[in-house]
1. If the Cβ limit is 9 Å and pairs must be 6+ apart or interchain, which residue in segment 3-29 that is farther than 19 Å from His107 by Cα pairs with which residue that is of a type in the set (Asp, Glu)?
2. Quick one: in segment 1-27, of everything that is of a type in the set (A, V, I, L, M) and touching an Asp or Glu at 6+ places or on another chain (Cβ under 8 Å), which residue is surrounded by the fewest Cβ atoms within 10 Å (Cβ to Cβ)?
3. May I ask you to list the residues in segment 30-51 that are part of a strand (DSSP E or B) and surrounded by fewer than 24 Cβ atoms within 10 Å (Cβ to Cβ)?
Amino acid sequence: MSLYPAARFLLSAAAVAQFPADAGAEVAIAGRSNAGKSSALNAILARRALARTSKTPGRTRLINFFEIAPGQRLVDLPGYGYAAGARAERDLWARLIEALAPRQALHGLCVVVDARRGIMDADEQLMNWAHGLGKPVHVLLSKADQLRRAEGLELLRATSATLGGRGTAQLFSAHAGVGLEEARNVLDAWLKEMPR
């Protein structure tokens, strides 16, 4: 049984006018193409196929809003760093993501980073963007089950040092269930915060 029985797909937005009303609380989930965003979202919500997953990079092309409880939403952002996306399409993605900036409902940003690759330049830019908005950042080092324990712990230490107070980080694996409770606790805390 799902821990979030009311979780449902709400809408896909191709334009700012299609965003839901700026009310309640939402957490954006972002990451490079194929970092495991949709798998992380499904695992955290304990739902098998709420967000569509694909082995092909760049499949999430719109901003997808999921309601997990009345007034609480997760926002699945398009993946970045995938060179094969058309320039006009990438520009649209950038405008949509930038349109989230003034939303009072946005309470935090969860960045999914492939643990085998670590934080890359585009991840840094996104975290700096969120930090500049005064939004908390939490990094999920996904696919951590593919690392040896010592490698995972060293990566977590290095990532925390790289973040330098801009956010928090944890090891995570949607496939093996690593770090699910920790991720849920972070998201729940953000979604239950009163608007600032």
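Please treat every number below as a calculation from the coordinates, not as lab data. Predicted model, so just to flag it, every value in this text is computed and none were measured. Glycine also receives a Cβ, built like all others from the backbone with ideal geometry; neighbour counts cover every protein chain displayed.
1. Once the first residue is farther than 19 Å from His107 by Cα and sits in segment 3-29, its partners that are of a type in the set (Asp, Glu) give Ala6/Glu67; Arg8/Glu67; Phe9/Glu67.
2. The initial filter retains those residues of segment 1-27 that are of a type in the set (A, V, I, L, M), namely 1, 3, 6-7, 10-11, 13-17, 21, 23, 25, 27.
Restricting the remaining residues to those that are touching an Asp or Glu at 6+ places or on another chain (Cβ under 8 Å) gives 6-7, 10, 25.
Values: Ala6: 10, Ala7: 21, Leu10: 15, Ala25: 19.
Filtering segment 1-27 for residues that are of a type in the set (A, V, I, L, M) and touching an Asp or Glu at 6+ places or on another chain (Cβ under 8 Å), the one surrounded by the fewest Cβ atoms within 10 Å (Cβ to Cβ) comes out as Ala6.
3. Let us first name the residues in segment 30-51 that are part of a strand (DSSP E or B), namely 30-32.
Arg32, the sole residue that qualifies.
Listed here are the residues, each with its yes/no results for (1) in contact with a helix residue (DSSP H, G or I) (Cβ under 8 Å, 6 or more places away or on another chain); (2) of a type outside the set (Val, Ile, Thr).
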site	(1), (2)
Val112	yes, no
Gly134	no, yes
Thr168	yes, no
Gly177	yes, yes
